[in-house]
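Remarks on the structure that follows.
FYI, it's all coordinate maths here, none of it is from the lab. Fair warning: this is a prediction, and the values are worked out from it, not measured in the lab. We place every Cβ from the backbone using ideal geometry, glycine too, and count neighbours over all the protein chains shown.
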Amino acid sequence: MLTKNTAPLSADAIAKALHEFQLEATAAQITAIQRYMAMLLVWNEKINLTAIRDPLEVLYRHFCESIFAAVTVPLQAGRVADVGSGGGFPGLALKIARPELQVILIESNVKKATFLAEVVRELGFSDARVLVSRYEDLGEEIAPLNFVCSRALGEFDKFLSWARSERVAAEQAVLWIGGRDIEEVKRIGGWSWKEPIAIPHSLQRFLLIGVREFTPEP
């Protein structure tokens with residue numbers, strides 16, 4: 001039984017929030033968000049998928065902030081790896097917004113990975129798969145990647161070194177990042193960084209996009 005805190009938001013509420021992030025969605029996409037959110041809130045009572053409990057805040061902080069990259073980066077098609085996927089953000093939210101994306105959800109926590117697999121099954125995503133692994137242990141089996149994404153991973157130097165390695169060969173890195181971390185990331189070599197994009201309705205949260213620099217052969 002759905003409680004007050006797990007009842008899905010109305011289609012109008014979801015459409016309004018997405019519009020505030022310059023996003024439009026079909027009725028089918030809004031329904032997918034409702035189904036996904038309902039599962040997230042129920043599972044969150046058992047395992048810690050997110051510290052956010054209020055459905056409206058989940059919508060803004062997780063769904064809208066994630067899907068914002070579909071417009072601003074933009075992520076239209078190709079292969080995306082979501083590293084440290086947790087509750088499925090940004091990977092599954094982007095898959096809803098851009099069904100043509102091939103999404104790889106990388107999550108080392110078995111319980112969280114089980115949740116991700118259930119959402120993939122429930123929403124019928126044939127081009128999304130869950131890998132229960134530390135990202136550092138992955139390489140050729142996920143390459144090549146058009147985009148590698150992370151919202152809350154940290155360890156930027158280690159992560160970006162892995163992402164640009166020849167065994168992963170990510171073309172672009174997309175980070176959801178706090179303002180105080182931007183300069184640290186920009187000092188990391190091997191990437192050409194675009195200007196940070198402020199995330200709506202957020203204090204000091206940005207999208208930072210890096211393009212992998214190719215090292216010329218000697």
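List of remarks:
- Estimated inter-spin distance, ILE197 and ALA13, nm [label 7 Å along Cα→Cβ]: 2.7
- Our coupling estimate for segment 61-73, obtained by passing each phi through the Karplus curve with A = 6.51, B = -1.76, C = 1.60 and θ = phi - 60°, is 6, 9, 5, 5, 4, 5, 5, 3, 5, 5, 8, 7, 6 Hz, Gly and Pro reported as x.
- For GLU171, residues with placed amide H under 5 Å, excluding near neighbours: LEU145, ASN146, PHE147
- Backbone phi angles across segment 43-58, fed through the Karplus curve with coefficients 6.51, -1.76 and 1.60 (θ = phi - 60°), yield HN-Hα couplings of 5, 5, 6, 9, 10, 7, 8, 7, 6, 7, 10, 6, x, 5, 5, 4 Hz in residue order; Gly and Pro are listed as x.
- Computed [θ] at 222 nm, helices only, for the chain once each DSSP H run of length n ≥ 4 contributes -39500 (n - 2.57): -9500 deg cm²/dmol
- Per-peptide packing, taken as the mean over residues of other Cβ atoms within 10 Å, places 186-196, 141-151 in the sequence 141-151, 186-196 from highest down.
- Options (i) 17.3, 50; (ii) 16.8, 64; (iii) 17.1, 54 - which one matches Rg and Dmax of the Cα atoms in Å as calculated here: (ii)
- Extension gain for ALA143-SER165 works out to 6.9 nm (0.36 nm per residue, less the C-alpha to C-alpha distance).
- Computed on segment 65-212, with alpha-carbon pairs under 8 angstrom and 6+ residues apart, the relative contact order is 20 percent.
- Cut-off 11 Å (backbone N to label point 7 Å along Cα→Cβ of ASP127), residues of segment 77-110: 77-80, 95-96, 98-103
- Segment 187-194 - phi-based ³J(HN,Hα) in whole Hz, Karplus 6.51/-1.76/1.60, Gly and Pro as x: 7, 6, x, x, 9, 9, 9, 7
- At R0 = 30 Å, FRET efficiency that the Cβ-Cβ distance of VAL211 and ASN109 yields, to 0.05: 0.50
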